[in-house]
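All of the numbers you see were taken from the coordinates with simple rules; none came from a lab. Predicted model only: the values in this text are computed from it and were never measured. Glycine gets a Cβ as well: all are built from the backbone with ideal geometry, and neighbour counts include every protein chain shown.
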Amino acid sequence: MEQAVIVHLPLDDSRFGTQERREALFQLEDELIEAIELAECGEFDGNEFGEGECVFYMYGPDADVIFMVVEVVLKEFPVAHGGFAIKRYGLADDPNAREIRVTW
């Protein structure tokens with residue numbers, strides 16, 4: 001079964017964020033990718049920027065393990081403060097998949 005951790009981070013404007021903010025988020029993304037790869041707990045599947053928000057998508061067999069790994073990184077980056085994550089226990093197209101919202 002595929003599970004997910006979807007991280008939502010605020011940008012510093014209502015569109016795509018400033019260049020500085022995007023660069024800091026790309027550095028965070030690199031660290032998240034490295035942490036997930038080192039832990040061999042899933043994969044980082046990409047990002048979306050827009051409407052004042054950056055969203056990171058991560059997938060694997062256990063959302064709790066993925067979040068445990070990436071939470072450490074998220075806490076280290078000030079650019080991640082004020083964000084939240086959705087841990088989804090099931091496929092994206094499953095309307096009955098349980099979801100939990102978490103902060104750090």
For the chain, with a Gaussian network of springs between Cα atoms less than 10 Å apart, report the residue from 56, 26, 84 with the top mean-square fluctuation. 26
Label points 7 Å out from Cα along the Cβ direction at residue 86 and residue 16: separation in nm? 2.4
In the neighbourhood of residue 11 defined by beta carbon distances under 13 Å, the net charge of the other residues (Lys, Arg +1; Asp, Glu -1) is -4
The chain: spread of alpha-carbon positions along the three principal axes, whole Å, largest first, is 37, 30, 21
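Give me the net charge of residue 90's neighbourhood, meaning all other residues with Cβ under 11 Å from the Cβ of residue 90; Lys, Arg count +1, Asp, Glu -1.
Taking every Cβ under 11 Å from that of residue 90, the sum is -1.
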Checking rank on 57-65, 72-80, with mean other Cβ inside 10 Å and highest first, the result is 57-65, 72-80
Tilt relative to the chain, helix 19-39 - C-alpha long axis, 0 to 90 degrees, to 10: 30
Rounded to 10°, Cα long-axis angle of helix 63-76 versus longest principal axis of the chain: 20
For the chain, with a Gaussian network of springs between Cα atoms less than 10 Å apart, report the residue from 16, 67, 44 with the top mean-square fluctuation. 16
